[in-house]
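A.B. asks: Supplied in structure tokens, the structure appears directly below.
Just so it is clear, none of the values below were taken in a lab; they were calculated from the coordinates. Note that the structure is a prediction, hence the values are computed from the model and not measured. Counting neighbours? That spans all protein chains shown, and the Cβs are built from the backbone with ideal geometry, glycine included.
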Amino acid sequence: MTLPRLLFGFALAALLGACSPHFVNGKLGRFDKDAGYRYGKLSGEGNSDNIFVILAFSGGGTRAAAFSFGVMEGLKDAVYNAPDGPRRFLDDVDVISSVSGGRFTAAYYALFPEKFFAKFPSAFLHRNVQGDLIRRALWPLNGFRLASSDFDRINLAAEYYDETIFEHKTFAELIAKRRKPYIILNATDMTLGRRFEFTQDQFDLLCSDLASVKVATAVAASSAFPGLLSPLTVKNFAGEGCKYECPKWLTDALDRNNPIRRYAHARDLWSYQDPKLKRDYIHLLDGGLGDNIGLRGPYVSLSSNDSNWSLYDKINQRRVRHIVVISANAKTKPSKDWDHKQAAPGILDVFSLVTGGPMDNYSFETVQLVRDIFDRLKDEEKAWTDCKQLLQDQCSGKMPGVLSPVDFYASELTFDSLDDEDFRHCMENLPTSFYLPEDTVTLLRQVARLLLMQSADFGKIMRELDRAWQPPAVQIDPALRAKVCPS
Amino acid sequence: MGRVIVEFPECREVFVGDKSQGNNRDEQGEYLILLIGDGLQTFSLGGSKNYTPFSQAVQVGAGSVINPQRVVFQRNA
């Protein structure tokens, strides 16, 4: 084929692409609150709600993916003696909420639990994703495709993830598996600046069927870091109708006489359905912009009835006895030399600060919110128990009601917890990238396992389940450390 | 968060919005203290509709574990 004919072919392909809009999501024929990818439709072998385990995986490129993978390895090795025999704590995980880099780990585990530990390192962690993406973007045919109005850099990334990592799987695969954990892949709605999750509960509001959406697309949406990748656009079909029935909690929350946080959250959700707002297209960016540790969604479920997997509901139903939140936060604290110089920081430094700074502060606050709610519930239970005892002892009286006892455990795994200052400094200065040397990935996995086994709250829940439990010994390979963190 | 007791002469399933919150009483007939999010919440009961009001919208937030807010349903005569 001659060059002019080849170019004509490319141009024609681009033109046809521009003429026939392609959406990453399809329309939902008719709303069905019992169909689709929802927590209530999943089960796990021996995984009841009695021990309710939530994992939150942060953003941070391959660093975050390796760190969260290391946590999963640690949970696999944390075996306790359950009434029916030895059991891995990993098999008690109910929900994994994740953003950006952490989403690769969460999504791969949900799709391929059997080969997860054997294959994920080669499928993603040891792959030069960054280099591959750049090569794809520079390939001439893709230049034509990128000229089309409905194909952008983010679509190219989604296509790459789909072909090389996620084996063309859609959410239909996760629905068919009906297996816990429930995976929440979070992105950020550009208009609202708030979390947008790839679950059917969210897609109901768009009258869209999540089942046909590729998992790789959802993962790509959360890694659409501003400036590097373009936003991902999903079509909102609400204008075409699907006989959507608004859940009663949402109708109640839309009343102005609610606490402002609840009302604002409800208004944001309703904006997808509101015909006056005409939100026909929803543009999604990196999930880390709305919540860089993936805890914001679980926080709603931990602190209200306003979720289809509300922990308040489960506590009231007396189905849950222990609630465990483990946050794998691969945040860094890169050293800055600005303060040593009179010259003002350059544009890239400023860009890095405005995109990352507020994100880190917000993440810190979210962790604190979860701790606060746990502390408050523990304090309430103690107050109730003390009052009950006092009434019995002093007045032969009774409390006006019965409280269901629940234990709460929160572990935040970060490099902050590393004792050795030099090692901590090294870990906190690892780059955020979609490529890290194999040694760095291996070291991150070891660090994550070490931090999990050293976590006081993780130790507490394990000993609550099995008094004799001892954390397995985790060693940081000195040679590996010396290689990644030369002194 | 609010603490709520749902009063009704019998043990009944409680609904907040359209979601079950389990029963209003335990096996000994004691009222269970429910954990409900602050703000406007619509309460109703499961089982036979032999009670009034059929559902009630309540501003939750005033109750504590020591002194729970009370949501009262009456059995129809």
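A.B. asks: Other chains near A:304-315: what is the mean number of their Cβ atoms within 10 Å of each residue's Cβ? Don't skip to the end; give the middle numbers.
C.D. replies: Working: counts 7, 12, 5, 2, 1, 0, 6, 1, 9, 9, 3, 4.
Mean shielding by partner chains, rounded to a whole number: 5.
A.B. asks: Rounded to two decimals, what ratio of Rg to Rh does chain B give with C-alpha atoms and a Kirkwood Rh?
C.D. replies: Values: Rg = 11.5 Å, Rh = 12.3 Å.
That ratio equals 0.93.
A.B. asks: For region A:363-487, what log10 I(q)/I(0) values come out of the Debye formula at q = 0.11 1/Å, with one point per alpha carbon and no solvent?
C.D. replies: Per q value, in the given order, log10 I(q)/I(0) is -0.59.
A.B. asks: A follow-up question, please. Apply the Debye scattering formula to region A:231-318, with a single equal point scatterer on each alpha-carbon and no solvent, then give log10 I(q)/I(0) at q = 0.18, 0.19, 0.24 Å⁻¹.
C.D. replies: -1.02, -1.10, -1.30
A.B. asks: Give me the dipole magnitude in Debye, nearest 20, for the protein assembly as shown about the Cα centre, with unit charges on the beta carbon: positive for Lys and Arg, negative for Asp and Glu. Each step should come with its number before you reach the end.
C.D. replies: Details: 66 positive and 69 negative charges, 214 e Å.
Taking the Cα centre of the protein assembly as shown as origin, the dipole is about 1020 debye.
A.B. asks: Do the alpha carbons of any pairs in A:Lys41/A:Lys76; A:Lys169/A:Lys331; A:Lys180/B:Lys49; A:Lys27/A:Lys278; A:Lys177/A:Lys235 sit beyond 28 Å of each other, and which pairs? Could the numbers behind the result be given before it?
C.D. replies: Numbers: A:Lys41/A:Lys76 24 Å; A:Lys169/A:Lys331 30 Å; A:Lys180/B:Lys49 36 Å; A:Lys27/A:Lys278 16 Å; A:Lys177/A:Lys235 26 Å.
From A:Lys41/A:Lys76; A:Lys169/A:Lys331; A:Lys180/B:Lys49; A:Lys27/A:Lys278; A:Lys177/A:Lys235, over 28 Å: A:Lys169/A:Lys331; A:Lys180/B:Lys49.
A.B. asks: Run through region A:26-56 and list the trypsin sites (Lys or Arg not before Pro) located in a DSSP loop whose Cβ has at most 16 other Cβ atoms within 10 Å. Before the final figure, lay out the partial values.
C.D. replies: Numbers: sites: A:Lys27, A:Arg30, A:Lys33, A:Arg38, A:Lys41; in loops: A:Arg30, A:Lys33, A:Arg38.
Counting only loop positions with at most 16 other Cβ atoms within 10 Å, the trypsin sites (Lys or Arg not before Pro) in region A:26-56 are A:Arg30, A:Lys33.
A.B. asks: Let me ask something else about it. Please report, largest first and rounded to whole Å, the three semi-axes of the ellipsoid equivalent to the protein assembly as shown, where each semi-axis is the square root of five times an eigenvalue of the C-alpha gyration tensor.
C.D. replies: On the way: eigenvalues 362, 194, 89 Å².
After scaling each eigenvalue by five and taking roots: 43, 31, 21 Å.
A.B. asks: Let me ask another. Residue by residue, what Karplus-based ³J(HN,Hα) values in Hz, rounded to whole numbers, does region B:2-18 have, using 6.51, -1.76 and 1.60 with θ = phi - 60° and x for Gly and Pro?
C.D. replies: Once θ is set to phi - 60°, the couplings for region B:2-18 become x, 10, 9, 10, 9, 8, 7, x, 10, 6, 9, 6, 9, 10, 10, x, 10 Hz.
A.B. asks: So what J values fall out for region A:298-309 if you push phi through Karplus, 6.51 cos²θ - 1.76 cosθ + 1.60 with θ = phi - 60°, rounded to Hz, Gly and Pro as x?
C.D. replies: Working through the residues one at a time gives x, 4, 4, 6, 7, 10, 6, 9, 8, 7, 6, 10 Hz.
A.B. asks: Could you compute the FRET efficiency for B:Ala57 and A:Arg463, with r as their C-beta to C-beta distance and R0 at 56 Å, rounded to 0.05?
C.D. replies: Values: r = 44 Å, r/R0 = 0.79.
Efficiency for this residue pair is about 0.80.
A.B. asks: Excluding A:Phe171 itself, what net charge comes from residues whose Cβ is under 10 Å from its Cβ, given Lys and Arg +1 and Asp and Glu -1? Provide the component values of the computation, followed by the final result.
C.D. replies: Working: positive: A:Lys169, A:Lys214; negative: A:Glu173, A:Asp209.
Neighbour charge sum, excluding A:Phe171 itself: 0.
A.B. asks: On to the next question. How large is the Rg to Rh ratio of region A:245-294 when both quantities use alpha carbon positions and Rh follows Kirkwood? Before the final figure, lay out the partial values.
C.D. replies: On the way: Rg = 12.9 Å, Rh = 12.5 Å.
Answer for region A:245-294: 1.03.
A.B. asks: A follow-up question, please. Under the definition of Cα pairs under 8 Å and six or more residues apart, what whole-number percent is the relative contact order of region A:358-468? Present the calculation step by step, with values, prior to reporting the outcome.
C.D. replies: Working: 41 pairs, mean separation 28.6, N = 111.
Reported relative contact order: 26 percent.
A.B. asks: Ok, one more. Towards the positive end of the charge dipole of chain A, with charges on Cβ (+1 Lys, Arg; -1 Asp, Glu), say which of A:Phe67, A:Asn429, A:Ala343 has the farthest Cα.
C.D. replies: Farthest towards the positive pole: A:Phe67.
A.B. asks: On to the next question. At q = 0.11 Å⁻¹, what log₁₀ I(q)/I(0) does a Debye calculation on the Cα points of region A:165-306 give, no solvent, two decimals?
C.D. replies: Debye intensities relative to I(0), on a log10 scale: -0.41.
A.B. asks: With the crude spin-label approximation of a point 7 Å out along Cα→Cβ, what separation in nm comes out for A:Leu146 versus A:Ala35?
C.D. replies: 3.9 nm
A.B. asks: What distance in nm lies between label points placed 7 Å from Cα along the C-beta direction at A:Ala482 and A:Ala264?
C.D. replies: Label-label distance for A:Ala482 and A:Ala264, simple model: 5.3 nm.
A.B. asks: Using θ = phi - 60° and the Karplus curve 6.51 cos²θ - 1.76 cosθ + 1.60, what whole-Hz ³J(HN,Hα) does each residue of region A:104-116 get, with Gly and Pro shown as x?
C.D. replies: 5, 5, 4, 5, 5, 5, 5, 7, 10, x, 5, 10, 3
A.B. asks: Rounded if a/c is under 1.5, else prolate if a/b beats b/c, else oblate: with a ≥ b ≥ c from the C-alpha gyration tensor eigenvalues square-rooted, which is region A:26-98?
C.D. replies: On the way: a/c = 3.51, a/b = 1.26, b/c = 2.78.
Oblate, because a/c is 1.5 or more while a/b does not exceed b/c.
A.B. asks: Okay, next question. What net charge is computed for the residues neighbouring B:Ser64, neighbours being all others with C-beta under 15 Å from the C-beta of B:Ser64, Lys and Arg scored +1, Asp and Glu -1?
C.D. replies: Summing Lys/Arg as +1 and Asp/Glu as -1 gives +1.
A.B. asks: Which of A:His340, A:His425 comes first, and how do the rest follow, when ranked by fewest Cβ neighbours within 10 Å?
C.D. replies: Numbers: A:His340 6, A:His425 14.
In order of increasing Cβ crowding within 10 Å: A:His340, A:His425.
A.B. asks: Evaluate 2.2 N^0.38 Å with N set to the residue count of region A:120-193, then give the Cα radius of gyration divided by it. If you can, show how the numbers build up before the last one.
C.D. replies: Numbers: Rg = 15.2 Å, N = 74, 2.2 N^0.38 = 11.3 Å.
Here the answer is 1.35, to two decimals.
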